[in-house]
Each structure stands twice: as C-alpha cells, then as structure tokens.
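The values are calculated or read from the model by the stated rules, or taken from the named source; none is laboratory data. Every value quoted in this text rests on a predicted model; they were computed, and no experiment measured them. We place every Cβ from the backbone using ideal geometry, glycine too, and count neighbours over all the protein chains shown. Protein only, heavy atoms only, side chains kept; ligands, DNA and RNA dropped before computing areas. Shrake-Rupley method; radii C 1.70, N 1.55, O 1.52, S 1.80 Å.
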Amino acid sequence: HVRATVNYTPWFTPNPSTVVDGTDGKGTAYPFQQKVVRTTNGANGNRTFVLAYTGSALVLYYSDNPYAFTPTWTTVGTLITTTTHFVGDMAWASATNTMFIAYGRDTGSDTADSDVYYRRISGLNNASPTVGAQQIALDADTTYNYTHPIIAGAGDLTTTKIFVGASRHTDAGNPDGIDLRTGTFDADVPTWDGVYTIRSWTANANAGILG
C-alpha cells in the first residue's frame, strides 16, 4: 500500500516522483497490468494516461507535460466508485486512437458482483476525453468470481477483437483457472463471444495471473 494515489516517474529522467492525486489510498498494483499509457495526443504529442485507485474510486487521469518536474494532471473521469480495492489494465490502439480499460477486484468475493468491467475511452485528443458506458466483460456469479483483469487488442489478417482475461475463483477460493472473453474491437458496447477457460487447475494461492 502507498500513501499517495500514484507516484509517477518517467523512467528516462531523474525527476522525483510526483503525486497525481493527494487522496490517501492504495495506489496501483501489479506490474503485469498497464497503468500508465503514453499516446501521441495533446499539445505536445505525448499525452499520458494514468489509472489509479484512490481508496474510494478507480479514476483515470492524463497529463500533457508528463516529463515536467511537476506534471499537470487532469481528471478524465471515475470508472467506478467503490471502497473495495479495484485494479485495472489499459491498452491504446494507435490506429483508431482509442483506449480500452478492463478493471475488477483485487481480491475475490463469493458474490455475483465480482465481475470484470470494460470501458472504451475515445476523443483522446480532446480536453475532456469521452468515457464509454461501463460494460460487463466477465460476468461473475455465486460460484465463479474474478480478479486481476488484463486486456489487449489482437487479431489476424481479417478480424481484430478485444481480449479480456482474469483469474477465476470458485466461491472466492484460491485461483483455479484463467478465463478469457473476446469482443468487438473498438466498440463502446462490444458484442461478446463465449467465455473460454484457457487453463484450469486445482485451486492454488500461488497460481492464476499473479502466479
């Protein structure tokens, strides 16, 4: 846990870390999830988006001067309001200049609200980018619940889709599988395909996407 919401330091400068939001909270976690995304938008062509959990909400920010000694941060919007620690993963599609975010719980819960959610962010070059409506990418129930989502865009020569994956739990136990779902690429409301269990095993605390 960290005191500030986000400590952001460009890897190629000696600048000290800067606080994106002064609210006490849990910040971000897990290096396999992309929480900082640089794009070619903004006045300087380097608009950088940051995803952070404040302790009461998962919030998206951007800066148009991310390499400054003290960057200026703008709030894009709140993805979800919750006192449950949420984490997320982001992907930027340069061809469409849109961004996709998958987010969900850090720890499993034996309830139907342990879903993995999805949002599309468009108008990335605007002063106020557009946050698409929240969609359920992986729908939990009272048996299967999800944590630690990941997202990517991928395809072959003819079809590109959004891929959303997450660790799967049975009755909030240790991870026992990884589920994956694909949906329409670059859509606020994707048409989702079926849920695929790409691998399953006997529940193990050291398994899953974090394993």
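Summary of computed values
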quantity	calculated
Among residues of segment 100-111, those that are surrounded by fewer than 24 Cβ atoms within 10 Å (Cβ to Cβ) and not acidic (Asp, Glu), counted	3
Residues satisfying the stated conditions in segment 44-56, i.e. surrounded by fewer than 19 Cβ atoms within 10 Å (Cβ to Cβ) and touching a Ser or Thr at 6+ places or on another chain (Cβ under 8 Å)	46, 55, 56
Complete set of residues in segment 63-86 that are out of contact with any Leu (no Cβ under 8 Å at 6 or more places or on another chain) and either under 18 Å from residue 36 (Cβ atoms) or aromatic (Phe, Trp, Tyr) (or both)	63, 64, 65, 66, 67, 68, 69, 70, 71, 72, 73, 74
Of residues in segment 75-87 being open to solvent by 50 Å² or more (accessible area, probe 1.4 Å) and modelled with pLDDT of 95 or more, the one nearest to residue 106 (Cα to Cα)	81
Qualifying residue in segment 14-32 (condition: at pLDDT 95 or above and open to solvent by 70 Å² or more (accessible area, probe 1.4 Å))	no
Pairs with Cβ under 6 Å, 6+ apart, first in segment 176-192 and under 15 Å from residue 132 (Cβ atoms) and polar (S, T, N, Q), second open to solvent by 40 Å² or more (accessible area, probe 1.4 Å) and not in a strand (DSSP E or B)	184/191
Breaking point among (1) more than 17 Å from residue 208 (Cβ to Cβ); (2) modelled with pLDDT of 95 or more; (3) not aromatic (Phe, Trp, Tyr), for residue 113	(2)
